[in-house]
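FYI, it's all coordinate maths here, none of it is from the lab. Here the structure is a predicted model, which means the values were calculated and not measured. Cβ placement follows ideal geometry from the backbone for every residue including glycine, while neighbour counts extend to all protein chains displayed.
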Amino acid sequence: MEKIVSLCKRRGFIYPGSEIYGGLSGTWDYGPLGVELKNNIKQLWWTMFVKKRRDMYGMDAAILMNPRAWEASGHVSGFADPLGDKMFNTMFKTSIGAGEEAIISYLRPETAGGMFVNFKNLVDSVHPKLPFGIAQIGKAFRNEIAPRDFIFRVRELEQMEIEYFVRPEEWEGSFEKWREHVHAFMDSVGISRQMVHELEVSAAERAHYSKRTIDFEFDFPFGRKELCGLAYRTDFDLRAHTQASGAKLEVQDDEGTLPLMPHVIEPSFGLDRTILALLVSAYTEDELGGAARTYLKFNKSVAPVKAGVFPLLKNRPELVAKAEEVYDMLVQQVDTTIVWDDNGNIGKRYRRQDEIGTPVCITIDFQTLEDDTATVRDRDTGEQERVAVGGLTDILR
Ligand code: GAP
């Protein structure tokens with residue numbers, strides 16, 4: 001963990017929150033590479049679960065909600081951890097508005113709430129047929145008693161959650177499908193299946209709203225711990241919000257007969273924990289060309305930088321000009337993150353890109369000026385091949 005935390009800070013993935021003021025426990029800030037990594041994961045998740053499915057609808061709800069929603073959902077009375085002989089509610093309280101008008105509410109402890117309270121809006125505006133789901137990515141806040149293990153347990157986190165609405169009698173089949181989808185997503189970002197283990201959560205350990213939960217645990221360096229979860233929330237939330245708000249949270253059955261209150265399957269992914277699992281999966285130490293190296297073996301799909309472009313020597317204007325031309329062409333033609341580097345010798349540049357997980361490096365050398373080919377180096381093997389400059393766009397695509 002120390003090596004990963006240090007690499008993350010040194011190379012601009014993740015910094016301690018408010019560091020120049022001595023930090024703030026349970027907060028971390030994502031730097032230039034961290035934000036790219038995060039965005040790539042969010043995009044893959046959104047594409048897999050929203051864009052490529054006809055039964056899913058995305059949304060982005062407010063973090064601040066009417067406090068009655070958190071009373072109805074059971075969070076005000078039940079979202080607590082043991083602390084001494086009293087339970088400690090881990091929702092962050094905040095005051096909204098000024099003076100006598102002010103009300104007390106909470107920073108949302110899960111993104112789920114915003115999806116349940118918008119159930120009626122969604123049904124009335126897009127008329128979905130069961131089964132269907134709502135998906136959301138966003139921040140959630142928990143006043144954890146003991147934040148720890150880098151970005152594993154934090155007080156400000158990001159979740160990627162789905163509330164999938166099904167007919168009550170179909171919950172088991174849907175739960176099984178989502179179990180597979182959770183694994184499929186982990187596979188797609190490059191989290192090793194061998195390091196992910198399912199844990200059937202006992203009734204005593206389950207959240208107050210759940211009748212069945214599977215935790216997907218990951219072999220973190222500090223032990224096997226929860227990475228993400230899958231819960232059967234029954235109609236707990238829709239029923240509770242119906243009772244508290246008076247709104248009818250129902251959907252017309254396929255046949256247009258009786259209105260029905262669906263049950264909910266909820267896959268919930270923590271983005272920060274996904275990033276940590278990816279860093280742990282990708283961190284590799286090996287030997288290349290007789291020298292030790294450290295590199296991040298990221299899947300190409302999540303790698304924060306997809307390619308580096310270098311002039312072999314920075315004091316040769318003809319090489320720099322050609323490399324700039326190639327760089328400009330690639331940046332224009334390929335919608336991805338490509339970096340320019342002319343600092344230090346070529347070996348050092350390769351190592352720097354290896355360390356941040358860049359899959360390919362493209363070097364412009366003297367031969368490029370003669371035959372318009374460039375060297376393309378593979379991160380994992382260190383092998384190089386000559387490729388026509390005109391073919392680079394296709395390689396990156
Ligand atoms: N809506 C369901 C829900 O929030 P949860 O198991 O409490 O369920 C879901 O949280 C996921 O959110 C966890 O599996 C984890 O990935 C992430 N998560 C929860 N608390 C976290 C924390 N303090 N720091 C980082 N990630 C956290």
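How large is log10 I(q)/I(0) at q = 0.19, 0.28, 0.32 Å⁻¹ when the Debye formula is applied to the Cα atoms of the range 345-386, each weighted equally and without solvent?
-0.54, -0.96, -1.10
Among F141, T111, G74, whose Cα sits farthest toward the positive end of the charge dipole of the range 66-174 (+1 at Cβ of Lys/Arg, -1 at Cβ of Asp/Glu, about the Cα centre)?
With unit charges placed on the Cβ atoms, the residue in question is F141.
With a cut-off of at most 15 other beta carbons within 10 Å, and DSSP calling the residue loop, which chymotrypsin sites (Phe, Trp or Tyr not before Pro) in the range 166-269 qualify? Please list them. Please list the in-between numbers first.
Working: sites: W171, F175, W178, F185, Y209, F216, F218, F222, Y232, F236, F269; in loops: Y209, F222.
The qualifying sites are F222.
Please report the antiparallel percentage of DSSP beta bridges with both residues in the range 248-382, rounded to the nearest 5.
Working: 12 of 20 bridges.
Bridges in the range 248-382 are about 60 percent antiparallel.
Quick one: if you stick a label point 7 Å off each Cα along the C-beta vector at K211 and T381, how many nm between them?
Output for this residue pair reads 5.3 nm.
Taking the Cα atoms of the range 269-397, report the difference between the largest and smallest coordinate on each principal axis, in whole Å and largest first.
Cα extents, longest axis first: 49, 35, 22 Å.
Treating only the Cβ of Lys, Arg, Asp and Glu as charged (+1, +1, -1, -1), what charge dipole size does the range 287-397 show about its Cα centre? Round to the nearest 20 debye.
The dipole of the range 287-397 has a size of about 480 debye.
Which distance in nm do the two modelled labels at E287 and E144 give, with both placed 7 Å along the Cα-to-Cβ direction?
If labels sit at E287 and E144, their model points lie 3.8 nm apart.
Report the full-extension gain for the segment N343 to E2: residue separation times 0.36 nm, less the Cα-Cα distance, to one decimal in nm. Write out the running numbers ahead of the final one.
On the way: separation 341, 0.36 × 341 = 122.76 nm, distance 2.72 nm.
So the chain would gain 120.0 nm between N343 and E2.
May I ask you to sort S77, S202 by Cβ crowding, counting other Cβ atoms within 10 Å and putting the fewest first? Let's see the in-between values first.
Details: S77 12, S202 8.
Fewest-to-most ranking of S77, S202: S202, S77.
Enumerate the calculated ³J(HN,Hα) couplings along the range 239-244 in order (Karplus 6.51 cos²θ - 1.76 cosθ + 1.60, θ = phi - 60°), each rounded to whole Hz, writing x wherever the residue is Gly or Pro.
Result, ordered by residue: 5, 5, 6, 5, 5, 7 Hz.
Pull up the cross-link candidates among the lysines for K348, meaning alpha carbon to alpha carbon under 23 Å and not fewer than 8 places away within one chain.
List returned: K3, K9, K297, K300, K306, K314, K322.
Based on the Cβ-Cβ distance of A98 and R351, what FRET efficiency does E = 1/(1 + (r/R0)^6) give at R0 = 45 Å, to the nearest 0.05?
0.25
May I ask you to compute the full-extension gain from S77 to S192, defined as 0.36 nm times their residue separation minus their alpha-carbon distance, rounded to one decimal in nm? Write out the running numbers ahead of the final one.
Values: separation 115, 0.36 × 115 = 41.40 nm, distance 3.80 nm.
Here the segment from S77 to S192 would lengthen by 37.6 nm.
When the Debye formula is applied to the Cα atoms of the chain, each taken as the same point scatterer, what base-10 log of I(q)/I(0) results at q = 0.06, 0.12, 0.13, 0.14 Å⁻¹?
So the normalised log intensities are -0.31, -1.00, -1.11, -1.21.
Relative contact order of the range 196-349: what whole-number percent is it, with Cα pairs under 8 angstrom and at least 6 residues apart?
Once normalised by length, the contact order is 13 percent.
Calculate the dipole size of the chain relative to its Cα centre from +1 charges on Lys and Arg beta carbons and -1 charges on Asp and Glu beta carbons; express the result in debye to the nearest 20. Intermediate values should be presented prior to the final figure.
Values: 49 positive and 61 negative charges, 111 e Å.
It comes to approximately 540 debye.
Please tell me which of these pairs span more than 27 angstrom C-alpha to C-alpha: K51/K225; K38/K225; K51/K120? Spell out each step's value before the answer.
Values: K51/K225 30 Å; K38/K225 21 Å; K51/K120 22 Å.
Over 27 Å apart, Cα to Cα: K51/K225.
Based on alpha-carbon centroids, what's the gap between the range 107-138 and the range 287-309 in Å, whole number please?
So the separation of the two Cα centres works out to 39 Å.
What does the extension gain come out to for V35 and D124, with contour length at 0.36 nm per residue minus their alpha carbon separation? Please list the in-between numbers first.
Numbers: separation 89, 0.36 × 89 = 32.04 nm, distance 3.54 nm.
Full extension of this stretch gives 28.5 nm more.
For the pair K225 and M87, how long in nm is the line joining their label points, each one 7 Å along Cα→Cβ?
Distance between the two pseudo-spin positions: 2.3 nm.
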